[in-house]
Each structure stands twice: as C-alpha cells, then as structure tokens.
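A.B. asks: Sending over a structure as structure tokens; questions will come in a sec.
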Amino acid sequence: MNIIASSLQGAAMSITPMIDREPLLDIRNLRIEFRGKSETVVAIPDLSFKVMPGESYGLVGESGCGKSTTAMAIMGYLGATGVVAGGSIRFNGNQLVDAAPKELRSIRGRQIAMVYQDPMSALNPVKTIGAQLAEVPLLHMGASKKDAMAMAEAMLADVRLPDPGDMMKRYPHQLSGGQQQRVVIAMALLAKPSLLLLDEPTTGLDVTVEAAVIDLIEELRQRYSTSLLFISHNLGLIAESCDRLGIMYSGEMVEEGTTSEVFRRPKHPYTRGLIDCIPDITGDKRSRTLAAIPGSIPLPQERPQGCLFGPRCSSFVSGLCDRPDLALEPASEEHLVRCVRWPEISAGEATVAPVETQMIARSTAITLSDVNRLYPVGRRKTVKANEAVSFEAATAEIVALVGESGCGKSTLARIVTGLDKATSGEIRMAGENIAELQASERPRALLQQIQMIFQNPDSTLNPSHSAAFSIRRSIKKFGIRKGKAEIEQRVRELLEMVRLSPAVADRKPNQLSGGQKQRIAIARAFAAEPSLIVADEPVSALDVSVQAAVVTLLLDIQREKHATMLFISHDLALVRHVADKVVVMYLGKIMEQGTVEEVFSEGAHPYTEALLSAIRSPHPDEAPRERIRLSGETPSAVNVPAGCRFATRCHRKLGSICDTAPPPLRKMSDTHEILCHIDQADLAARPSVLAFAEKA
C-alpha cells in the first residue's frame, strides 16, 4: 500500500526555462488531409507546438478535434488515405515528414513509442506477454533472445506487476485491464524512448487503477527522463500530470501555456467552457448546474470563417470574430490564445444560478433485502456476484452505486430490471417481490415502471431504425398513447423534452452524434413514463462537454417526473454532483452507504477513502491532499476472502481478524452504515481525504 501527499498541480516536475533549449518534438504549420475518391477532408489545417526534453505536454479537446490524428502523424500511421500535405514534424532535429522508411523504422519504437487507449488492440492475443515484450529489444536493440527475455521480465517488475516471471507466461486475456495497460507501458518503455505518446491511456480503467497507472507513468518518466505527449479529454488528469498544455479545437490550437497558468487564468472561451463542464467535488446539483457548451465541433468541410469556435461562443461578434487568419497571440509570457476578444472577456467563474429544489413527500420506491446472486462454475465452485445486498431508494431520490469493475453494480442493475434474477433475497416494488422474476415473468405494468439507460447507446439502438421508431415503439408497447396522431405528438414532445430538433426524428443512429444517441436513449426510457430509472454508466463514453449537457438534461427530467434513479458510475466527482445517496460496493458486498454528504465528508470505509482519494481535480490552487494507492488486484469472486472482502488490499488493516472474521456493521448515523472491523469512534474521528480540498 502506498499513501502519498500530492501537490497535484501541473506535474511533479517543475518547468525548466525554454531559453537556449532545442525542442525534442517541433511541429510547425502541420496540415493533414485524408484524400478519398470524391473529396479531400482537411483534418488538421494548420497546427504548431513543441515538446521540450523531459517535459510532459498535454493535448486537450473534444472528440474530433484532431488530437489522435496528430499523434498518428507523428508515428507515421495515417493510413492509406492520410497525407501530411504541409508543414513539418521534427524530432530531435530530424524531419519525419517524407523521411525514408528505414530512417522511420529506426525512430519508431526505439526513440518514439506510443501507448494506445485500448491495450487489447496493441497486444497479440495468441502470443505470451514475454514473447511480445521481448520483440522490442530483439528488433530495436539487437539483443540476444536470452537478454531480451531478461530485459522484458525486469521491465514488468519496473511497472509493478506481481510475479513478473509468471506474468511472462500469460496471454493477454488472462490479465485485468489495469495489468494489460501496464504491459503496454512496459512495451513502450523497453527501448527507453525519448518521447512517449499517450493516447487516452486510462480511458475505461477504474478510478483506482487509473490513479496507479498515472503515478507509474510519472515515476518512469522521471527515471528514464522521457518526454510525454499526453492526449486526454480528462482535464483533471492533465492538470495533475502535465507541465504545459495545448487546447485543440477543430484541428487548430486555440490556447497554449503552462498548466497552472491556463487552468488559473483561461483566456479562450472554449477552454473556460471545458473547465466549467467539470463536476466539482465541493458542490452538488443543488448548488450549481453543469455549464454545458452548446452545439458541437463542426465537420472539417463545414468549418466557419474566422474563429472556428464562433458558432458556439456566447461572446462572438460579427465583423470581428469572423475575420480570416486569426492568429495565436501572447496573453502573457508562455501563454498564447487564438481569440481577438480575450482581453475584454472576463475569466471569472461561470455565473450559474443555484437549482431550485422541490419538496415532495418521500415514500419508499424500491427496497432490496439480502439480495444474493450466485453463478455456479463447474461442479463445486460458485461466483458470488452479489451477497446480502440491502438498501432502499425513496421516490424521486437518486441512489448512486459505485465501485471498481467486478464489484457487482451491473449485476444488481440487471436483476432490478429483470435482465437477470436473484438467487435469493427480496426486491420489493409496488408491493411485489421481483427479485426472482425475470422480465418475461413480470406483469406489463411493472415492466413499464422500470426502464434502463445503458452505457453505450449503439448497443441498444437498432441501426436499421430511425430515432422516432425507437421512441414510438416504447409508447406503443405500453399503451401510453392511442392512435397514430397521439403517438406522433408524444414522439415530438419527447424529442423536445431531450432538447433535440424534430429534424432528428427520421435519422438513423449512424447519422447521430454520441450525445444525440444518448438523448434518444433517454427519451425512449422516459416514453414509458417509468417510476424507476436504472442508469448504467450513462455518460462515461461521452466527451466532458456532452456529458455535462446529458447529465443536466437527465437531472432536469428526473426532477420534473419525480422518478427514482439508480445511477451506476465510476466517476466519483460526477456522483458527488448527481446523487442524493451513495452505495459503495466491493466484490459483491456493500462496504458503505449513506447520504452523499456523509459518504464524501465524514468518516469513511477504507475502500471509500481509496476511491475518493483517486478523484482528480482541475484546480491548480487546491491544497495538497492524501493519496491512497491500492496494491494488488481484486480477489476472484469465486474465492472470496473469508473475513473482510477488502482485507487483502486495505491500508488500515487491523490484523488477522480482518482476514478471518466477517466485519460488523457500524451504524454511524440513522442513514450512514459502514461494514468494517475498525472501531466506530476511530472511523468517525478520521478526517475525510477530501478535507484539504474543501478547505482550499
């Protein structure tokens, strides 16, 4: 277990003055085109930035802004239709554009390496980890097979994977997501490259795994003096990991500067919009709404004249902001901005009015009592997906289920919605026990009352049918409206409710953006007029700006309809903003539950502490706070620990009692419970890991 205090601001490495230093990576006036048979798409019209030796440089922006395309151009992986049509990419003084293939091969992998978003796409499923890692020193360093295998095993130890010798013999599918990503990092660092490109390296990882991976990257960066080009849409991650950053929009740089300067004093309206989209762990839905950026990034062939952000900017002035050739200009030393109005636009906090809350009579909407879900594996083994799960949700209340992958959140959601059934226990709703009833066995009225919003709308929207068809089908199925005219009127009302134009009705999923598809999924769920919504990671696949818009929309509708919601998420900052009550799960059991204020601000379960300490903040002035890094992997649900489920990873473990005896339930208050051997007074006396942040 590793507990550290982190200043969190910029990176751990201070910025060295750039005077008299040559950049390691120098991109100037880069233009990237994708040339098809019928048209040419200009993905990057004109991009310039530098990465200095030993520096961590962040590249930030929404999906479609050109971040990954830039990284692929550096690596020379633009594909058959991608072309660098202008400008230069210089690495260590060498021109990479139009370089000979032999020269590029000597640079890629050896001097420049890349860590991709999806580790499984970078690992060969039919080769062992050892064989794949050994290829790097064999190919790029001329090592013997014996030396290559030794170097590979040593690097696995460097990335803190347990039992490197055994890990060398495993195949990718035998590793967890966090382990796979560490292997990919090990592969990238084996040749000790001067520059490491990181393309969303922690997307899809649990918050605790993400924290450990980012700490590892920073540690290895310091050890090997490696420069980083860090691509991410996670501003908190960039704020803590990078020395400088560039904000990209529609293929061009709109702001650049030191991390602390850009986050403290953002100049471009787009940068401020991105920052305002982020949930704040010191506030919630009652104190502020998330300020979403209206509209979306223009298609390359539809870029406006002048400021590309103009159509979405509230400060746009015709005749000024739409003039051609707007250049990056200095706002201060080492701070550049592409905005003609930046001196007169206030950089203060967003003026968002507090949300008015309605007082409604709270009755119990759903009660879970000792719910168990066991899956037999073979003749003698059993997967304990859920064990003795008990909690309740009141009418119009949002209960968040949080925990790492494999903790049982989604299994519980499937049981509640009837996609699976409990092995034992009770789930009471509308006077009926639905725990052991799958959807096909439930009465129609009950099916109507419970609806689900999934993480990926692509997997639930039929690609052959229009948006209106998906909504219309739900209305017809439950008889919400009768007659064609009434049904079509209801479709229009629901599209308006989720703030979509009527023009969207006839479009198919492939003609919609990610945010539009999720809005259709929300409209379809509420078309049944349910009393309970189960939202399983409903915004995790969306950009931060789209996420803010969808979350605000979801909260507005939930508030208006007085619907109860089970909100599943691994984003603790988002949970702090959305939830009324929080249930923390680990390995199938509830470790802690209470109001959102109790769980985030009072004595907490050690596992909850670790989850909260992994929240990353984009506030440079935040005071240092404790970081808790969990060691090891979550035990198998087939062979759970005999005592406390969390004992094998706990940083506050008392001793053998935690390994052998089930922990007692500590009643911290009428609404706050913690399952732990630690004495109740000691739990209550420990300050929140977020206490420093709240004081700042």
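A.B. asks: So, in segment 36-77, of the ones that are of a type in the set (S, T, Y) and part of a loop (DSSP other than H, G, I, E, B), which residue ends up farthest from L195 (Cα to Cα)?
C.D. replies: S38
A.B. asks: Condition test on A80, is it hydrophobic (A, V, I, L, M, F, W, C) and part of a loop (DSSP other than H, G, I, E, B)?
C.D. replies: Taking the combined requirement at face value, the residue satisfies it.
A.B. asks: Right, another one. What pairs come out if I take residues in segment 646-659 that are surrounded by fewer than 16 Cβ atoms within 10 Å (Cβ to Cβ) and pair them with residues that are assigned to a loop (DSSP other than H, G, I, E, B) and among the charged types (D, E, K, R) whose C-beta lies under 9 Å away, six or more apart or interchain?
C.D. replies: Note: pairs meeting the criteria are D659/K653.
A.B. asks: Restricting attention to segment 420-434, which residues are assigned to a loop (DSSP other than H, G, I, E, B), surrounded by fewer than 24 Cβ atoms within 10 Å (Cβ to Cβ) and in contact with a helix residue (DSSP H, G or I) (Cβ under 7 Å, 6 or more places away or on another chain)?
C.D. replies: Answer for segment 420-434, where residues must be assigned to a loop (DSSP other than H, G, I, E, B), surrounded by fewer than 24 Cβ atoms within 10 Å (Cβ to Cβ) and in contact with a helix residue (DSSP H, G or I) (Cβ under 7 Å, 6 or more places away or on another chain): D420, K421, A430.
A.B. asks: Filter segment 561-597 for residues that are of a type in the set (D, E, K, R), surrounded by fewer than 24 Cβ atoms within 10 Å (Cβ to Cβ) and at pLDDT below 95 and give the result.
C.D. replies: Correct list: K561, D571, E597.
A.B. asks: What about R519, is it in the same structural domain as N456 (by TED's automatic domain parsing), charged (D, E, K, R), surrounded by fewer than 23 Cβ atoms within 10 Å (Cβ to Cβ) and assigned to a helix (DSSP H, G or I)?
C.D. replies: For R519, the condition - in the same structural domain as N456 (by TED's automatic domain parsing), charged (D, E, K, R), surrounded by fewer than 23 Cβ atoms within 10 Å (Cβ to Cβ) and assigned to a helix (DSSP H, G or I) - is not met.
A.B. asks: Within segment 272-284, does at least one residue satisfy the condition of being closer than 30 Å to D26 by Cβ and more than 19 Å from the chain's Cα centre (by Cα)?
C.D. replies: yes
A.B. asks: Sticking with this one: Being of a type in the set (V, I, T) and in a helix (DSSP H, G or I) is the filter here, so list the residues in segment 254-275 that pass it.
C.D. replies: Correct list: T259, V262, T271, I275.
A.B. asks: Inspect all residues belonging to segment 530-544 and state whether any of them is crowded, with 21+ Cβ neighbours inside 10 Å, in a helix (DSSP H, G or I), not assigned by TED's automatic domain parsing to the domain that holds S63 and not acidic (D, E).
C.D. replies: Yes.
A.B. asks: With the requirement that a residue be in a loop (DSSP other than H, G, I, E, B), within 24 Å of the chain's Cα centre (by Cα) and surrounded by 18 or more Cβ atoms within 10 Å (Cβ to Cβ), what does segment 627-643 give you?
C.D. replies: L630, T634 - these are the residues of segment 627-643 that are in a loop (DSSP other than H, G, I, E, B), within 24 Å of the chain's Cα centre (by Cα) and surrounded by 18 or more Cβ atoms within 10 Å (Cβ to Cβ).
A.B. asks: Another question, if that's okay. Within segment 365-419, can you find the residues that are assigned to a strand (DSSP E or B) and of a type in the set (K, R)?
C.D. replies: Listed by number, the residues that qualify are R373, K381, K384.
A.B. asks: Checking G283 against (1) surrounded by 16 or more Cβ atoms within 10 Å (Cβ to Cβ); (2) farther than 28 Å from V42 by Cβ: exactly one of these is not met. Which one?
C.D. replies: Here G283 clears every test but (1).
A.B. asks: For segment 200-215, enumerate the residues that are surrounded by fewer than 21 Cβ atoms within 10 Å (Cβ to Cβ), among the charged types (D, E, K, R) and at negative phi.
C.D. replies: Listed by number, the list holds a single entry, D215.
A.B. asks: Of all the helices (runs of 4 or more DSSP H) wholly in segment 160-237, which have at least 2 residues that are among the basic types (K, R)?
C.D. replies: Hits in segment 160-237: 207-224.
A.B. asks: Of everything in segment 159-174 that's in contact with a helix residue (DSSP H, G or I) (Cβ under 7 Å, 6 or more places away or on another chain) and either surrounded by 14 or more Cβ atoms within 10 Å (Cβ to Cβ) or assigned by TED's automatic domain parsing to the domain that holds E633 (or both), which residue is farthest from N124 (Cα to Cα)?
C.D. replies: R160
The values are calculated or read from the model by the stated rules, or taken from the named source; none is laboratory data. Please read these numbers as outputs of a predicted model, since none were measured by experiment. Note that we place each Cβ from the backbone using ideal geometry, even for glycine, and neighbour counts take in every protein chain shown.
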